[in-house]
Amino acid sequence: SSDVCSSDLGHPIDPLPRPLIMAKIIIILIIAAILENIGVVYIKGGLNQINLPGQVTASAVVRVVQAGFTNPKIILGVALEAAFFGCFLYLLSQRDVSLIWPLTSIGFIVATLAAKFILDEPVSGVRWAGVILITLGAFLTSYSAAIKNKTGPPPGSTIMAVPPAGGRQGSVPD
């Protein structure tokens with residue numbers, strides 16, 4: 001039966017089993033991280049092409065913004081950032097911020113790889129260690145959110161669920 005409120009399903013809107021939903025979330029997240037970080041690399045490449053002023057003045061800011069609006073690398077970078085944002089909006093519509101936002105830290109790894117191999121920036125071992133620690137901490141945060149969701153409601157709380165026609169009694173929605 002395709003009981004949407006069944007405890008083996010991951011989300012009341014998405015009828016896929018819980019492991020497949022998480023796999024879908026991770027795949028979209030990886031795609032989003034790649035889009036975002038390639039976008040950042042293009043923006044940085046475009047900024048490197050613009051003659052940036054030594055001092056920040058109103059006219060210098062206007063000149064840099066005008067140059068940015070006509071620089072193909074910056075335009076592509078902004079478009080890729082917009083695509084990332086679309087993916088991010090979808091992910092937030094499906095899951096809690098406390099799960100999705102920490103998972104976006106995978107972007108730190110992608111950004112550091114892109115900086116090293118596309119922009120030829122030097123990346124020290126200490127910087128790599130920092131990136132890995134930030135990413136591990138974020139994944140622990142997301143993992144704790146996943147554990148929280150598996151433990152069910154707090155003791156003493158009452159959940160009244162009406163199963164769909166033909167559904168199992170005692171079904172609890174996510």
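Derivation of every value follows stated rules applied to the coordinates shown; laboratory data play no part. These numbers come from a predicted model, not from an experiment. With ideal geometry, Cβ positions are generated from the backbone for all residues, glycine too; neighbour counts draw on all protein chains shown.
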- Query: Using a ≥ b ≥ c from the Cα gyration tensor of the range 59-151 (square roots of the eigenvalues), is it rounded, prolate or oblate, where a/c under 1.5 gives rounded and otherwise the larger of a/b and b/c decides, a/b for prolate?
  - Reply: oblate
- Hey, quick one: spin label on LEU133, modelled 7 Å out along Cα-Cβ, who in the range 90-126 has an amide N within reach, i.e. under 11 Å? 126
- Query: How far is it, in nm, from the label point at VAL61 to the one at VAL97 when both lie 7 Å from their Cα along the line to the Cβ?
  - Reply: 2.7
- Item | Extension reserve of the ILE28-THR70 stretch, reckoned as 0.36 nm per residue once the Cα distance is removed | 12.1 nm
- What list of ³J(HN,Hα) couplings, whole Hz, do you get for the range 82-98 from phi and the Karplus terms 6.51, -1.76, 1.60, once you set θ to phi - 60° and write x for glycine and proline? 5, 5, 4, 4, x, 4, 5, 4, 4, 4, 5, 6, 9, 9, 5, 4, 5
